[in-house]
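The values are calculated or read from the model by the stated rules, or taken from the named source; none is laboratory data. Remember, predicted model here, so these are calculated numbers, not experimental data. All Cβ positions, glycine included, derive from the backbone under ideal geometry; neighbour counts span all protein chains shown.
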Amino acid sequence: MKSLKELCDKISMPAEATDGILRYERLSDDGSLRASMEKLFRTATWKAGLAELKQHIGEDTGGFGILACELSCALKTFEMYEKHGISEEIYVDTMKCFSRFVKEHKESYGSYGFDREWWTSRQISGLLFRIGELEYEVAEIPDTDNTRSAGGKEAGESTENERCIWLHIPSDARLTAEGIEGSVHMARQFFAEKFTAYAGAEIRCESWLLSPTLKEVLPPSSKILGFQDYFVTKSLGIDEGEFMTWVFKRPDIPLKDLPESTSLQRNLKSYLLSGGKVTAAEGTLKDRDFGGRR
């Protein structure tokens, strides 16, 4: 993986967005930005790195300047994948988050753009991997150079004596039993082979998709409720609105104007209009044999 254009093609970035990214390609060759871009590889410094890059870029219509910087970092991340013998398939599947977010921006606002720079340092740091249908994040990758390890986790805390893996659900995950079980099986094999410190580690998930509220608005046959059955869950209180972006595409739409294109949207809108609240939840994956279904 040698260029931004090659990476954009690999991850199916829309042509219009690719053009926007390539207008900022010069940033990847700007030596004065190298130190700021290196900060994106560490949890402890990525916020400072982003702030420095944004200040340097200035007006950044659509967010393509910061996206170009992050994709330039992602090219370097490929070296880490090669070092650990991780397949290009997993690399590409992981980095497709960038094109997915750009496409989702168009769904929400009518134009291609990038506004998830606060999330994607996980992918370029080599801390989050897409394996099949789901994503898996760790607090640090042991035995690598300093640009590939992180100084803590935001989804939860893991210490040297308590390593865990955080599971995330991409917006395009189908949540079939085959997809869930196949992904977990492959992830177990992946960490056992590539990062043995996480072999057999507990898998946790913090998401509105685990909310007990959803049992009130979804039928028993729902794939989301089927997903919940794989976890032992506990409530974390009222969700502050994360679910709005994922269910209704935008967090700033008045309740009465929320779309009703899907049964989930219709049922949840009715629930919210009647005064209902969505709770957040955390779950621990049940200890069971997933059998390698794909």
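Annotations for the structure displayed:
- LEU53 vs. criteria surrounded by 18 or more Cβ atoms within 10 Å (Cβ to Cβ) and within 16 Å of the chain's Cα centre (by Cα): no
- Any chance LEU75 is crowded, with 20+ Cβ neighbours inside 10 Å, in contact with a Leu (Cβ under 7 Å, 6 or more places away or on another chain) and in a helix (DSSP H, G or I): no
- Within region 82-95, the set of residues being surrounded by fewer than 19 Cβ atoms within 10 Å (Cβ to Cβ) and under 21 Å from GLU117 (Cα atoms) comprises ILE90, VAL92, ASP93.
- The set of residues in region 157-206 that are part of a loop (DSSP other than H, G, I, E, B) and at pLDDT below 90 comprises GLU157, SER158, GLU160, ASN161, ARG163.
- Region 59-107, residues that are farther than 22 Å from LEU128 by Cβ and out of contact with any helix residue (DSSP H, G or I) (no Cβ under 8 Å at 6 or more places or on another chain): GLU59, THR61, LYS106, GLU107
- Given (1) within 28 Å of ILE169 (Cβ to Cβ); (2) basic (Lys, Arg); (3) at pLDDT 95 or above, index of the condition LYS5 fails: (1)
- Pairing residues of region 1-13 that are buried (at least 21 other Cβ atoms within 10 Å of the Cβ) with residues that are of a type in the set (Asp, Glu), at Cβ distances under 8 Å and at least 6 apart in sequence or on separate chains, gives LEU4/GLU25.
- Filtered residue count, region 242-286, keeping only those that are touching a strand residue (DSSP E or B) at 6+ places or on another chain (Cβ under 9 Å) and either surrounded by 13 or more Cβ atoms within 10 Å (Cβ to Cβ) or closer than 27 Å to GLU178 by Cβ (or both): 11
- Screening region 179-223 for residues that are of a type in the set (Asp, Glu) and more than 21 Å from the chain's Cα centre (by Cα) and picking the one that is nearest to ILE238 (Cα to Cα) gives GLU216.
- Checking GLU52, GLU59 one by one, the residue that is of a type in the set (Asp, Glu) and assigned to a helix (DSSP H, G or I) is GLU52 and no other.
- Within region 1-47, if we keep just the residues that are assigned to a helix (DSSP H, G or I), over 24 Å from GLU88 (Cβ atoms) and among the hydrophobic types (A, V, I, L, M, F, W, C), the residue that is nearest to the chain's Cα centre (by Cα) turns out to be TRP46.
- When residues of region 78-111 are limited to those that are of a type in the set (Phe, Trp, Tyr) and modelled with pLDDT of 95 or more, the one nearest to LYS39 (Cα to Cα): PHE78
- Residues of region 112-156 that are among the charged types (D, E, K, R), under 22 Å from PRO251 (Cβ atoms) and modelled with pLDDT of 50 or more: ASP115, ARG116, GLU117, ARG122, GLU135.
- Of all residues in region 241-254, those that are touching a residue at least 60 places away in the same chain (Cβ under 8 Å) have Cβ atoms under 6 Å from Cβ atoms of residues that are outside any loop (DSSP other than H, G, I, E, B) and surrounded by 12 or more Cβ atoms within 10 Å (Cβ to Cβ), 6 or more apart or on another chain, in LYS249/SER108; ARG250/SER108.
- Single residue of LEU218, LEU225 found to be outside any helix (DSSP H, G or I), surrounded by 14 or more Cβ atoms within 10 Å (Cβ to Cβ) and touching a helix residue (DSSP H, G or I) at 6+ places or on another chain (Cβ under 7 Å): LEU218
- Long-range neighbours under 7 Å by Cβ, at least six apart or interchain, first residue closer than 14 Å to ALA68 by Cβ within region 14-37, second surrounded by 14 or more Cβ atoms within 10 Å (Cβ to Cβ) and acidic (Asp, Glu): SER36/GLU52
- For SER99, the conditions (1) part of a loop (DSSP other than H, G, I, E, B); (2) crowded, with 19+ Cβ neighbours inside 10 Å are fulfilled apart from (1).
- Within region 164-203, considering residues that are charged (D, E, K, R) and buried (at least 19 other Cβ atoms within 10 Å of the Cβ), the one farthest from LEU134 (Cα to Cα): ARG188
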